[in-house]
Amino acid sequence: MTRRIAIVEDEPAIRENYTDVLRKQGYDVAAYANRLEALAAFRTRLPDLAVIDIGLADDVDGGFALCRELRALSATLPIIFLSARDSDFDVVSGLRLGADDYLTKDVSLPHLNARIAALFRRSDLFAAPHASEDVLQRGPLELDLKRLSAHWNGRKIELTLTEFWMVHSLAKYPGHVKDRDSLMRDASIVVDDSTITSHIKRIRKKFLAVDATFGCIAMVYGMGYRWNAEGE
């Protein structure tokens, strides 16, 4: 089945360029000029992946709002921000809202295609795990690799794909330190250290929201992170 990608971009020339390039790669592309148009379409049919600009015409942070709304519709749908804005504040804000990747518009089209393909490969890996790996259980933690769902003491944790993969990477081998390169590789992302830190903070916050005593993700100074088996 052909993958459907949504492009939300207010500049007509840029929107048409991305649409044309992605269609040539074999994707079904739906393009939208503003947040309200895109949101109405998403409520009818979700895409398989969304590429969103932040500034949408007069709606300066419309992309951020759309990401929040789209994430409420699906916790796992891959979302990429593609924006001219390159400040650390914007990057961190986008990732905190649940985006899986953040690229600036000076990125080459082959690079954009590669990042999209990487997110789809990751989705495929989760969609068809080996039978023995369907569920990962670590004390109160349960990760269902077919449903892409996470539970802590029976309560669901709404993780994005990137967050889910990071938790899986850490929890699969409790006590083993995962450096940032390992976490990026396991989550199929290429970001800087501060972005990894933002993802970890967001993951912790979600677990703490259902269990104030959660402390299984430990930072190992100068090395990375590990899943603390003592917290089970």
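Data for the structure
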{"quantity": "Failed condition for residue 137, given (1) closer than 30 Å to residue 7 by Cα; (2) out of contact with any Pro (no Cβ under 6 Å at 6 or more places or on another chain); (3) modelled with pLDDT under 90", "calculated": "(1)"}
{"quantity": "Matching residues in segment 86-123 - criterion: being without any contact (Cβ under 8 Å) to a residue 24 or more places away in the chain and either among the aliphatic types (A, V, I, L, M) or in contact with a Ser or Thr (Cβ under 7 Å, 6 or more places away or on another chain) (or both)", "calculated": "86, 103, 104, 114, 117"}
{"quantity": "Some residue of segment 130-149 being part of a helix (DSSP H, G or I) and not hydrophobic (A, V, I, L, M, F, W, C)", "calculated": "yes"}
{"quantity": "Which numbered condition residue 145 fails, given (1) more than 24 Å from residue 194 (Cβ to Cβ); (2) of a type outside the set (D, E, K, R); (3) open to solvent by 30 Å² or more (accessible area, probe 1.4 Å)", "calculated": "(3)"}
{"quantity": "Tabulated pairs, segment 164-178, first under 12 Å from residue 136 (Cα atoms) and open to solvent by 50 Å² or more (accessible area, probe 1.4 Å), second outside any helix (DSSP H, G or I) and aliphatic (A, V, I, L, M), C-beta under 8 angstrom, 6+ apart or interchain", "calculated": "172/136"}
{"quantity": "Residue match in segment 69-84 (condition: assigned to a helix (DSSP H, G or I), free of Cβ contacts under 8 Å to residues at least 40 places away in the same chain and either buried (at least 18 other Cβ atoms within 10 Å of the Cβ) or among the basic types (Lys, Arg) (or both))", "calculated": "yes"}
{"quantity": "Some residue of segment 41-64 being among the hydroxyl-bearing types (Ser, Thr, Tyr) and surrounded by 18 or more Cβ atoms within 10 Å (Cβ to Cβ)", "calculated": "no"}
{"quantity": "Residue that is nearest to residue 56 (Cα to Cα), among those in segment 85-103 that are open to solvent by 40 Å² or more (accessible area, probe 1.4 Å) and outside any helix (DSSP H, G or I)", "calculated": "85"}
{"quantity": "Residue that is open to solvent by 70 Å² or more (accessible area, probe 1.4 Å) and either touching a helix residue (DSSP H, G or I) at 6+ places or on another chain (Cβ under 6 Å) or at pLDDT 90 or above (or both), where the choices are 212, 150, 218", "calculated": "212"}
{"quantity": "Residue count, segment 21-32 (criterion: in contact with a helix residue (DSSP H, G or I) (Cβ under 7 Å, 6 or more places away or on another chain) and either at pLDDT below 95 or open to solvent by 50 Å² or more (accessible area, probe 1.4 Å) (or both))", "calculated": "2"}
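The values are calculated or read from the model by the stated rules, or taken from the named source; none is laboratory data. Here the structure is a predicted model, which is why all the values come from computation and not from measurement. Reconstructed Cβ throughout: ideal geometry from the backbone, glycine too, with neighbour counts over all protein chains shown. Areas reflect the complete protein model, heavy atoms only, side chains present, ligands, DNA and RNA absent. Shrake-Rupley method; radii C 1.70, N 1.55, O 1.52, S 1.80 Å.
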